[in-house]
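The values are calculated or read from the model by the stated rules, or taken from the named source; none is laboratory data. Being a predicted model, the structure only gives us computed values, none of them experimental. When we count neighbours, we look across all protein chains shown, and the Cβ atoms used for this are built from the backbone with ideal geometry, even at glycine.
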Amino acid sequence: MNETPTEAFKAAFRRHAAGVAVITTLDADGVPRGFTATSLASLAAVPPLVTFNMAQVSSSWPAMMVGNRVAIHMMGARSRHLAEIMAGDHDVRFVGDHWLPGPHGVPVVGGVPAWMLARIVELHPVHDNAVVVAEVESGVLGPEDEPLLYTGRRYHSSGSLEL
């Protein structure tokens, strides 16, 4: 096995299942921005802090500024199509009726198991990427659903993975 560090990294993380989230926000001009993330993690319960990672070349990156608000959507098996939309071409992510303006105008995607409104409190650039830290201000539970997972370059529901 003579893989480069990059090849080994990619191969290993293709075998690591991760929960799927959609992050949405508004840019400085009030234009909706968003993306699908598999890096969402809880950082602390008190105060309620979350982290997610993103590339600084992302079309959503300019909207990630300290003090800006984001909506963090937990994706379920029945909302897989929304994760796919938000992972696709940035020009069509907000075309359609799958979202509405929420608190502070932040785009809220409908039909997800849960979403939280958070305020960005820190940004930590690392090479061409960044770790974003946000403090949760409120949350809403939606319909119960199997968690949506991403592994092996594919989406799965937690029930579709055999033990």
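Looking only at the stretch 128-145, how many residues end up being of a type in the set (A, V, I, L, M) and over 15 Å from the mean Cα position of the chain (by Cα)?
Final tally of qualifying residues: 2.
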So which residues in the stretch 90-118 are β-branched (Val, Ile, Thr) and either crowded, with 20+ Cβ neighbours inside 10 Å or in contact (Cβ under 8 Å) with a residue 60 or more places away in the chain (or both)?
Val106, Val108, Val109, Val112
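Name the one entry in His81, His73 that is under 17 Å from Gly19 (Cα atoms) and either of a type in the set (Val, Ile, Thr) or in a helix (DSSP H, G or I) (or both). Give the derivation first.
On the way: His73 fails: either of a type in the set (Val, Ile, Thr) or in a helix (DSSP H, G or I) (or both).
One residue alone meets the criteria, His81.
Name the residue, out of Ser79, Ser138, that is in contact with a helix residue (DSSP H, G or I) (Cβ under 9 Å, 6 or more places away or on another chain) and among the polar types (S, T, N, Q).
Testing whether each residue is in contact with a helix residue (DSSP H, G or I) (Cβ under 9 Å, 6 or more places away or on another chain) and among the polar types (S, T, N, Q) leaves just Ser138.
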Is there a residue being of a type outside the set (Asp, Glu), at negative phi, assigned to a strand (DSSP E or B) and in contact with a Ser or Thr (Cβ under 7 Å, 6 or more places away or on another chain) anywhere in the stretch 132-146?
yes
Which number in (1) touching a helix residue (DSSP H, G or I) at 6+ places or on another chain (Cβ under 6 Å); (2) at pLDDT below 95 marks the one condition that Ser59 misses?
(1)
Restricting attention to the stretch 1-38, and to residues there that are of a type in the set (D, E, K, R) and touching a helix residue (DSSP H, G or I) at 6+ places or on another chain (Cβ under 8 Å), which single residue is surrounded by the most Cβ atoms within 10 Å (Cβ to Cβ)?
Arg33
Within the stretch 121-163, residues among the hydrophobic types (A, V, I, L, M, F, W, C), farther than 16 Å from Ala21 by Cα and free of Cβ contacts under 8 Å to residues at least 60 places away in the same chain come out as Leu123, Val126, Leu163
